[in-house]
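Before any comments, here is the structure.
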Amino acid sequence: MRKVKILCLILALIFCGVALAVNTVGYEQTVVPSVYTANITKGDTAANIKAVQTRLKNLGYYKIAVDGIWGPKTLAAVRNFQRDYGLVVDGIVGPKTEKALGITLTSSGGYSNSDVNLLARCVYAEARGEPYTGQVAIAAVVLNRVRSSKFPNTISGVIYQSGAFTCVSDGQINYAPDTSAKNAAQDAINGWDPTGGCLYYYNPATATSKWIWSLKVTVKIGRHNFAKG
């Protein structure tokens with residue numbers, strides 16, 4: 001009986017080893033991107049996404065309507081294209097994938113240096129002392145508002161909208177941003193949105209608006225709650 005048990009154990013170990021080997025075949029050729037990685041390194045703007053979708057559709061990789069929205073179909077099309085063209089299969093449109101597609105994308109969403117600097121100043125004024133992800137999140141909220149029909153369509157319009165940001169009313173918007181705030185602003189422009197599309201944020205320790213408390217919190221980062229509205 002003991003010999004039978006030992007034999008069964010050996011067979012089980014062999015089976016597990018074979019299963020592991022099968023499941024890891026090709027692992028080095030497929031890289032799963034970080035949740036914080038931009039889909040397009042030059043920025044996930046509607047124009048850039050449309051350019052990628054259009055090119056992939058012309059090549060037969062993308063089958064649905066070109067809408068300028070990054071979704072699972074676009075990701076799958078990019079990964080299939082990368083696999084066929086011998087690129088790293090990470091689903092990210094970086095310089096090599098862009099070149100292979102034969103397209104030229106626009107960097108930084110077309111924002112001017114003054115736009116980026118203003119966004120960095122807002123990040124510094126609103127979120128210095130927060131974790132870096134939280135700083136990027138503040139910048140992302142500003143950019144999400146720029147893209148939303150509910151708000152002005154420029155960075156300056158959003159930030160200087162009456163009553164929108166405390167840092168404008170108390171003058172901290174004029175403070176010079178540090179390197180962290182500058183990098184956070186640029187990361188948000190390049191497509192990193194830790195909030196998943198939120199339009200609002202507040203610090204629950206200091207917020208007094210009854211309306212802001214009525215919003216459903218989507219994510220909490222550092223000392224801030226973020227909501228889509």
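The values are calculated or read from the model by the stated rules, or taken from the named source; none is laboratory data. In this text the structure is predicted, and so the values were computed from the model without any measurement. Cβ atoms come from the backbone with ideal geometry, glycine included; neighbour counts cover every protein chain shown.
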Response to the item:
Taking the range 114-156 and keeping residues outside any helix (DSSP H, G or I), closer than 18 Å to ALA227 by Cα and free of Cβ contacts under 8 Å to residues at least 40 places away in the same chain leaves SER149
Worksheet item: Somewhere in the range 125-140, is a residue farther than 30 Å from SER169 by Cα, more than 20 Å from the chain's Cα centre (by Cα) and not hydrophobic (A, V, I, L, M, F, W, C)?
Response: no
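Could you tell me how many of the residues in the range 157-181 are in a loop (DSSP other than H, G, I, E, B) and surrounded by fewer than 13 Cβ atoms within 10 Å (Cβ to Cβ)? Working first, answer last.
Going residue by residue through the range 157-181, those that are in a loop (DSSP other than H, G, I, E, B) are 160-165, 170-171, 175-178.
Among the residues that remain, those that are also surrounded by fewer than 13 Cβ atoms within 10 Å (Cβ to Cβ) are: 162-163, 170-171, 176.
Residues in the range 157-181 being in a loop (DSSP other than H, G, I, E, B) and surrounded by fewer than 13 Cβ atoms within 10 Å (Cβ to Cβ): 5 in total.
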Worksheet item: How many of the residues in the range 81-114 are at pLDDT below 90, out of contact with any helix residue (DSSP H, G or I) (no Cβ under 7 Å at 6 or more places or on another chain) and on the phi > 0 side of the Ramachandran plot?
Response: 1
Discussion item. All but one of (1) free of Cβ contacts under 8 Å to residues at least 12 places away in the same chain; (2) in contact with a helix residue (DSSP H, G or I) (Cβ under 9 Å, 6 or more places away or on another chain); (3) surrounded by 13 or more Cβ atoms within 10 Å (Cβ to Cβ) hold for VAL217; state the number of the condition that does not hold.
Written reply: (2)
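Considering only residues of the range 79-96 that are farther than 18 Å from LYS42 by Cβ and out of contact with any strand residue (DSSP E or B) (no Cβ under 6 Å at 6 or more places or on another chain), which is surrounded by the fewest Cβ atoms within 10 Å (Cβ to Cβ)?
My answer is GLY86.
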Practice prompt. Among the residues of the range 159-186, write down those that are under 20 Å from the mean Cα position of the chain (by Cα) and either under 13 Å from LEU118 (Cβ atoms) or touching a residue at least 60 places away in the same chain (Cβ under 8 Å) (or both).
Written response: ALA181, LYS182, ALA184, ALA185, GLN186
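Quick check on the range 137-155: of everything there that is aliphatic (A, V, I, L, M) and farther than 11 Å from GLY222 by Cβ, which residue is surrounded by the fewest Cβ atoms within 10 Å (Cβ to Cβ)?
If we filter the range 137-155 for residues that are aliphatic (A, V, I, L, M), which is where we start, we get 137-143, 146, 155.
If we keep only those that are farther than 11 Å from GLY222 by Cβ as well, we get 139-143, 146, 155.
On the way: ALA139: 29, ALA140: 26, VAL141: 26, VAL142: 23, LEU143: 22, VAL146: 20, ILE155: 25.
Among those that are aliphatic (A, V, I, L, M) and farther than 11 Å from GLY222 by Cβ, it is VAL146.
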Worksheet item: Is it fair to say THR166 is out of contact with any Gly (no Cβ under 9 Å at 6 or more places or on another chain), more than 13 Å from TYR201 (Cα to Cα), among the β-branched types (Val, Ile, Thr) and at pLDDT below 95?
Response: no
Worksheet item: Residues of the range 208-229 being in contact with a Ser or Thr (Cβ under 8 Å, 6 or more places away or on another chain) and not in a strand (DSSP E or B), which ones?
Response: GLY222, LYS228
